[in-house]
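Note sheet for the following structure.
Each reported figure results from applying straightforward, stated rules to the coordinates on display, with no laboratory input. Bear in mind that the values here come from a model prediction, so they are computed numbers and not experimental data. All Cβ positions, even for glycine, are placed from backbone atoms using ideal geometry, and neighbour counts span all protein chains on display.
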Amino acid sequence: MQLRVRKGVVLHTHLIGQGFGRFAAKAKDDYLFLRPGPDGEVLGPLQGLKNRLAEFARAVVPDPRVAPNHAWRHHFKTIGGEAGMGDRVLDAIQGHAPRTAGDAYGEVTVKAMADAVGRLPRIEIA
């Protein structure tokens, strides 16, 4: 697996192959996709895109207690567990606090995160 890091973010090799790293490198230091208005809402024609993405997310994570686009974080925990990623690594990737004082000992390294991300399956969209 080839390790690529931008600002501490590990990318799956499938995303690298799709050109996401080049896309992110060319982007301004701002939101990459949808730019929210002052109140946090997406404005203009992109609102429809946001709504379609939410519908797609709802099909993946149908739990009505989970906001649709936040559902990707829940889905990541599910597929990460299936791929054998440890809870500590999953939490580190998502920025979740350690569960215990012992979990705060040591560091989840970029290498550990890259190895874990490398175990995730490719996602093919028809």
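Sparsely packed loop sites in the range 59-117 (the trypsin sites (Lys or Arg not before Pro) outside DSSP H, G, I, E and B with at most 11 other Cβ atoms within 10 Å) comprise R65, R99. With the charge dipole of the chain set up from +1 on Lys and Arg Cβ and -1 on Asp and Glu Cβ about the Cα centre, the Cα lying farthest toward the positive end among the listed residues F23, G118, F76 is that of F23.
Each peptide in 9-16, 48-55, 78-85, 101-108 receives the mean, over its residues, of other Cβ atoms within 10 Å, and ordering these scores from highest gives 9-16, 78-85, 48-55, 101-108. What the Cβ-Cβ distance of D87 and K28 gives, at R0 = 41 Å and to the nearest 0.05, is a FRET efficiency of 0.75. Of the options (1) 12, 45, 34, 9, 0; (2) 11, 28, 22, 17, 11, 6, 3, 1, 0; (3) 11, 32, 40, 16, 1, only one is P(r) over Cα pairs in 10 Å bins from 0, in percent as computed from these coordinates, and that is (3). Calculate the FRET efficiency for R99 and R73 from the Cβ-Cβ distance with a Förster distance of 25 Å, rounded to the nearest 0.05. Once the sixth-power term is evaluated, E becomes 0.90.
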